1. Restricting to the stretch 118-156, name every residue that is on the phi > 0 side of the Ramachandran plot and either charged (D, E, K, R) or under 9 Å from the mean Cα position of the chain (by Cα) (or both).
2. All but one of (1) of a type in the set (Gly, Ala, Ser); (2) crowded, with 19+ Cβ neighbours inside 10 Å; (3) at pLDDT below 95 hold for GLY75; state the number of the condition that does not hold.
3. Would you pick out the residues in the stretch 60-82 that are more than 12 Å from ASN95 (Cβ to Cβ), touching a residue at least 60 places away in the same chain (Cβ under 8 Å) and of a type outside the set (A, V, I, L, M, F, W, C)?
4. Scan the stretch 96-109 and report the pairs whose first residue is more than 15 Å from ASP146 (Cα to Cα) and whose second residue is assigned to a loop (DSSP other than H, G, I, E, B) and of a type in the set (Asp, Glu), with Cβ atoms within less than 7 Å and a gap of 6+ or a chain change.
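The values are calculated or read from the model by the stated rules, or taken from the named source; none is laboratory data. In this text, all values refer to a predicted model and were calculated from it rather than measured experimentally. Because the Cβ atoms are built from the backbone with ideal geometry, glycine has one as well, and the counts that use them run over all protein chains shown.
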Amino acid sequence: MSLAPRAHSSTRRLLAAAASLVIVLAACGSDDDSSAGSATVTTTSAASAAVTSGSSAITVLDPAAGAALLAKRAGEITVIDVRTAEEFATGHLENATNIDVQAADFDAKVGDLDHAKPYAVYCHSGRRSALAASRMAGLGFTEIYDLGGIQAWVDAGNPVVTG
């Protein structure tokens with residue numbers, strides 16, 4: 001579902017920019033459990049939110065929809081854990097690559113990836129994944145899935161791996 005209705009391209013660009021700003025603002029602040037509920041986007045397993053920005057699209061999925069997507073498109077979607085290396089080592093999604101969104105070289109590292117391929121990003125509670133998805137959209141990635149936080153993933157009974 002697109003947030004921008006059929007309209008002139010300048011209106012769609014303005015709406016896409018506003019939606020991206022909302023995502024970035026929601027991503028600001030700490031990523032701890034005490035404040036996670038106040039700004040985390042929540043969807044049901046039957047629905048997802050999509051934000052379009054030019055040719056880039058961010059789709060926000062809850063744990064059930066995220067798990068179903070990753071199972072259906074196994075090997076096709078690159079999963080990126082945007083937490084720190086220390087957090088990643090405590091448990092992550094299978095086959096995830098760790099690229100810390102708070103590191104100075106985040107844009108350079110993701111910029112080296114194929115922008116036309118699909119990517120799924122997640123963090124601890126959903127704040128940093130929203131920031132990462134927005135930054136990736138700004139870099140021209142065309143298919144981005146925001147899985148939110150690994151905490152909700154685990155709470156939903158989905159598996160994680162360590163090491």
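1. GLY126, GLY148
2. Every condition holds for GLY75 apart from (2).
3. Answer for the stretch 60-82, where residues must be more than 12 Å from ASN95 (Cβ to Cβ), touching a residue at least 60 places away in the same chain (Cβ under 8 Å) and of a type outside the set (A, V, I, L, M, F, W, C): ASP62, PRO63, GLY66.
4. Cβ pairs passing all conditions: PHE106/ASP100.
To keep it simple, each residue is scored yes or no on (1) in contact (Cβ under 8 Å) with a residue 40 or more places away in the chain; (2) touching a strand residue (DSSP E or B) at 6+ places or on another chain (Cβ under 7 Å).
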{"residue": "SER129", "(1), (2)": "yes, yes"}
{"residue": "ARG135", "(1), (2)": "no, no"}
{"residue": "GLU143", "(1), (2)": "yes, yes"}
{"residue": "ASN158", "(1), (2)": "yes, no"}
